[in-house]
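Q: I'd like to ask some things about the structure below.
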Amino acid sequence: MLQIYNKLLELPLFLGIDRADLAQIVDKTRFGFLKLEPNQTLVEENQKCQLLYFLMSGQMIAQTHSDNRRYSIIEQFHAPNIIQAEHFFGFSQRYTKTFTARTDCSLLSLDKNEVLRLASQHLIFQLNLLGTLATGSQRGSRILWHNEPTTLREQFVRFVVQRCMRPAGEKTINIRMKDLAAELHAPRLNISSLLNSLQADNLLTLSRGRIVIPALEKLIQE
């Protein structure tokens, strides 16, 4: 029980809740418990978002496909974390990524009725929930106001950053050179030259149809 308390306190929705209230929440809330083995899928892209999942231990990967299905980006994240809380309410209540276990994972889940009950009974939980949803909205609204890239390298970095959950960590881009050239509106030869230069600087690794960026934050900072 103590381990659940400590893990919940690390999640954004439970920050600031004292242990007495948290003990009451754990005692009266119908949490679902789930364990995943490596390579086991939690949810598929476009699946209806009916449960709010909390990753309590382990590491997972999230894969996102472009609308034309010509490329995808895979990124890793670890516990404690929440699985796409911003899609639990609103116009489109569907997951936009496929989430798969990278290691053994333990998760808790809440259905919508339980989330609404917690929000109505615990002000801090309600404020944390609103803050989480507002943060995602505010980040998205600022994208169009960022400075336009002036070099092909800046274009490539922006292409990756805008399609990832966070601008750090390992990212794998499954894309053909010609499709990347089309996305960046640049000649294929120039794209190839850029990527080989970044590989020579140990900022990424190239293979057929795949680009692996071991640490996106380093690529951004260089």
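Q: Residue by residue through region 26-44, note down the ones that are touching a strand residue (DSSP E or B) at 6+ places or on another chain (Cβ under 8 Å) and charged (D, E, K, R).
A: Result: Arg30, Lys35, Glu37, Glu44.
Q: So how many residues does region 65-75 have that are surrounded by fewer than 17 Cβ atoms within 10 Å (Cβ to Cβ) and touching a Ser or Thr at 6+ places or on another chain (Cβ under 9 Å)?
A: Of the residues in region 65-75, 2 are surrounded by fewer than 17 Cβ atoms within 10 Å (Cβ to Cβ) and touching a Ser or Thr at 6+ places or on another chain (Cβ under 9 Å).
Q: Follow-up. As an exercise: evaluate Asp179 against (1) open to solvent by 60 Å² or more (accessible area, probe 1.4 Å); (2) among the acidic types (Asp, Glu); (3) more than 23 Å from the chain's Cα centre (by Cα) and give the number of the one condition it does not meet.
A: (1)
Q: Contact list please: Cβ distance under 7 Å, first residue in region 5-23 and open to solvent by 50 Å² or more (accessible area, probe 1.4 Å), second residue assigned to a loop (DSSP other than H, G, I, E, B), pairs at least six apart or on different chains.
A: Here the result reads Lys7/Pro80; Glu10/Pro80; Asp21/His122, each pair linking region 5-23 to a residue that is assigned to a loop (DSSP other than H, G, I, E, B).
Q: Would you please name the residue that is most open to solvent (accessible area, probe 1.4 Å), looking only at residues in region 195-222 that are in contact with a Leu (Cβ under 8 Å, 6 or more places away or on another chain) and not aliphatic (A, V, I, L, M)?
A: The extreme case among them is Glu222.
Q: If you go through region 94-128 one residue at a time, how many are in contact (Cβ under 8 Å) with a residue 12 or more places away in the chain and open to solvent by less than 50 Å² (accessible area, probe 1.4 Å)?
A: Total meeting the criteria: 19.
Q: Suppose we filter region 130-189 for residues that are of a type in the set (Phe, Trp, Tyr) and modelled with pLDDT under 90; how many remain?
A: Let us first name the residues in region 130-189 that are of a type in the set (Phe, Trp, Tyr), namely 145, 156, 159.
Narrowing further to those that are modelled with pLDDT under 90: 145.
Result for region 130-189: 1.
Q: In region 134-153, what count of residues is obtained for those that are without any contact (Cβ under 8 Å) to a residue 12 or more places away in the chain, open to solvent by 70 Å² or more (accessible area, probe 1.4 Å), of a type outside the set (Ser, Thr, Tyr) and not in a helix (DSSP H, G or I)?
A: Counting residues in region 134-153 that are without any contact (Cβ under 8 Å) to a residue 12 or more places away in the chain, open to solvent by 70 Å² or more (accessible area, probe 1.4 Å), of a type outside the set (Ser, Thr, Tyr) and not in a helix (DSSP H, G or I) gives 2.
Q: Follow-up question, since we're still on this one. Looking only at region 26-40, decide whether some residue is part of a strand (DSSP E or B) and under 14 Å from the mean Cα position of the chain (by Cα). Break it down stepwise before answering.
A: Initial filter on region 26-40 (part of a strand (DSSP E or B)): 32-36.
After this cut, where a residue has to be under 14 Å from the mean Cα position of the chain (by Cα) as well, the list is none.
No, the conditions are met nowhere in region 26-40.
Q: Let me ask another. Would you pick out the residues in region 67-93 that are outside the structural domain of Ile4 (by the TED database), without any contact (Cβ under 8 Å) to a residue 24 or more places away in the chain and polar (S, T, N, Q)?
A: Of everything in region 67-93, just one residue is outside the structural domain of Ile4 (by the TED database), without any contact (Cβ under 8 Å) to a residue 24 or more places away in the chain and polar (S, T, N, Q), namely Asn68.
Q: Taking the residues in region 75-133 that are assigned to a strand (DSSP E or B) and of a type in the set (Phe, Trp, Tyr) as candidates, determine which candidate is farthest from Asn39 (Cα to Cα).
A: Phe77
Q: Please go through region 154-167 and pick out each residue that is surrounded by 16 or more Cβ atoms within 10 Å (Cβ to Cβ) and assigned to a helix (DSSP H, G or I).
A: Gln155, Phe156, Val157, Arg158, Phe159, Val160, Val161
Q: For the subset of region 49-87 comprising residues that are over 10 Å from the mean Cα position of the chain (by Cα) and of a type in the set (D, E, K, R), which member is modelled with the lowest pLDDT?
A: Checking each candidate, the answer is Glu86.
The values are calculated or read from the model by the stated rules, or taken from the named source; none is laboratory data. What you see is a predicted model; the values in this text were computed from it and never measured. Reconstructed Cβ throughout: ideal geometry from the backbone, glycine too, with neighbour counts over all protein chains shown. What goes into the accessible areas is simple: the full protein's heavy atoms, side chains included, and nothing from ligands, DNA or RNA. Shrake-Rupley method; radii C 1.70, N 1.55, O 1.52, S 1.80 Å.
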